[in-house]
């Protein structure tokens, strides 16, 4: 056992890659929840994104076109959810779960002819000058476009929610949809947009899995990433920067576990592999206990259907 | 969650199988196969499916084969096999280690159905097992790995800590050490046979820690893809995987099940099939095949590798020939002594020189 054998710069670089799908999907869900909608279908939208992105990527030979297709597929599936809960006023929890199960099933069907095929590659873009900074450059500035996109998204979403009027309107819809409605804001339209954005982000997260991180298509390859993304939103207290840190911790546990094994540390692998999922369950319990909501930053109307009072 | 989804998809597949099997055309003899992953994995399952197709080809209309993919190693396996037996299967090939107890349970309920279980050790009157001496192939690739590494660090992505996998690590290590005394092994256990994301992460980790040759005992081709990208070497597992890494792919240990499957089905139809048998064949019988050697391997190393292959096939060479000590330094084999099958089948220790512990 020799800890110096672990290259920490490379370790951080690979945990950034491992966490990127989580960051993307969780950011999308953050916006959805801020608008007062709880979409438990993240896993389903991710896997649809993964399979569509992979298929389109293979057929067109361009991973970027694949990524765009992944976003569209995620958004399309989320529209179904939006229709059911906003227009048909169905229960959000049940509809979200159904979305996950539906997504996993249809992705398996679509992806069946595509198992064991190589995907087109996305090249990494080293940012001039800063990528040459020792350690830090390796960690954060020698990645592919999507990683940078995820980092920029964190900034943009923080700015949108805290510094822009549109973000304030979105939050007000999530806090109290009746008041927002009486002020003249279109609750249903705003939620539609938020849900679609969340779907697109989850789709890109899935596409990143199948096109960059693995890169291959396998049935059920999201392996619970969507649920971890959901939990991350709660952990972060609905704050974008905390969400980013949380995602890197989640991704870090996996990568660290592998690194420790390779240098021969005797650790309980089962326990470490279990940790992210245990934390997820805890977070999902917290989300369901309403009295935590007030002081943890959860939107007041999270998960409640909006019925127009005329 | 994962378990839940597995269970869910398995029950879905189960239902779809009931539908498909009920409309199947009746042939004289029906043979079922269950796979742990998809036949499109280009690895373990792919080769079993090659064997199944060889049965189709050998017997034509006389034999009908059915298969079920992605069957979890749990009670679901019992359900799938029960359904196969109920729908008239005469012989069932269960092609993964974890199907062992389900096979024994189902075999009790259907004494007339013949069961063939891959890589297990439990038999019954209507259950035989078969396994390949993959470790013989690992001697060949271990030698090549030892010669090809420049960093003297060889990475090994392992699945579950069962004797078959431990045997492979030991065999590869002994051959690599002989070829290159400075060689060091780094082993990562990922506790799955098939999860491309985990396999890729493990390979990336090993490469980041200096490994420039990666061996794998997991089923997908993800590691080959990663190795190609990183510019390091790897070996195909179960199937030729050169399509995924033309530069990285040095050679492959290919599983040759076809002759065995055809022979067993023939015996089953003729009534000469026997239960309780344990087949354990290697390079000599064609159950383990060394694939094409990449031209990146120097001619002298190619020649040495082929000499090891041919020696093992002819029986003049054994992967485990003494003197060999166990990891803790206690003697295992005396000079010139070779390992007995019993120890090999139950191997639960590293040989001397490998660092780290086998997870419990």
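Here are the numbers:
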| quantity | calculated |
| --- | --- |
| Efficiency of FRET from Cβ geometry, residue B:86 and residue B:337, R₀ 60 Å, rounded to 0.05 | 0.75 |
| Cα gyration tensor category, rounded, prolate or oblate, for region B:205-286 with a/c compared to 1.5 | prolate |
| Computed [θ] at 222 nm, helices only, for chain A once each DSSP H run of length n ≥ 4 contributes -39500 (n - 2.57) | -22000 deg cm²/dmol |
| Two-site label geometry, residue A:102 and residue B:357: point separation in nm, points 7 Å out along Cα→Cβ | 4.9 |
| Degrees, to the nearest 10: B:44-59 long Cα axis against longest axis of chain B | 50 |
| Inter-site label distance for residue B:191 and residue A:272 at 7 Å from Cα along Cβ, in nm | 1.1 |
| Alpha carbon centroid spacing (whole Å) that separates region B:81-102 from region A:82-144 | 37 |
| Highest-fluctuation residue, A:93, A:147, A:212 considered, GNM on chain A with Cα pairs under 10 Å | A:93 |
| On Cα atoms only, tilt of A:225-235 relative to the major axis of chain A in degrees | 70 |
| Percentage relative contact order, chain A, counting C-alpha pairs under 8 Å, at least six apart | 36 |
| Cα-based shape type of chain A, given that a ≥ b ≥ c are square roots of the gyration tensor eigenvalues and the cut on a/c is 1.5 | prolate |
| Spin-label zone in region B:282-303 - amide nitrogen under 17 Å from a point set 7 Å from the Cα of residue B:314 along the C-beta vector | B:283-286, B:303 |
| Globularity index of the protein assembly as shown, i.e. its alpha-carbon radius of gyration over 2.2 N^0.38 Å | 1.03 |
| Helix-only mean residue ellipticity at 222 nm for chain B, each DSSP H run of n ≥ 4 adding -39500 (n - 2.57), per residue, nearest 500 | -13000 deg cm²/dmol |
| With Cα atoms, 0 to 90° folded angle of helix A:240-262 axis to chain A main axis | 30 |
| For region B:234-354: rounded, prolate or oblate by the Cα gyration tensor [a/c cutoff 1.5] | oblate |
| GNM top mover of B:170, B:126, B:325 - chain B, alpha-carbon springs below 10 Å | B:325 |
| GNM flexibility winner over chain B from B:342, B:311, B:322 (Cα, springs under 10 Å) | B:342 |
| Distance (nanometres) between label positions extended 7 Å along Cα→Cβ at residue B:53 and residue A:245 | 5.4 |
| Calculated FRET value between residue B:61 and residue A:182, using beta carbons and R₀ = 60 Å, to 0.05 | 0.20 |
| Modelled FRET efficiency - R0 41 Å, residue A:94 with residue A:168, Cβ distances, 0.05 increments | 0.85 |
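Here, each number is a calculation from the coordinates, and none is a lab measurement. This one's a predicted model, so the numbers in the text were calculated from it and none came from an experiment. Heads up, the Cβs are rebuilt from the backbone with ideal geometry, glycines too, and the neighbour counts pull from every protein chain shown.
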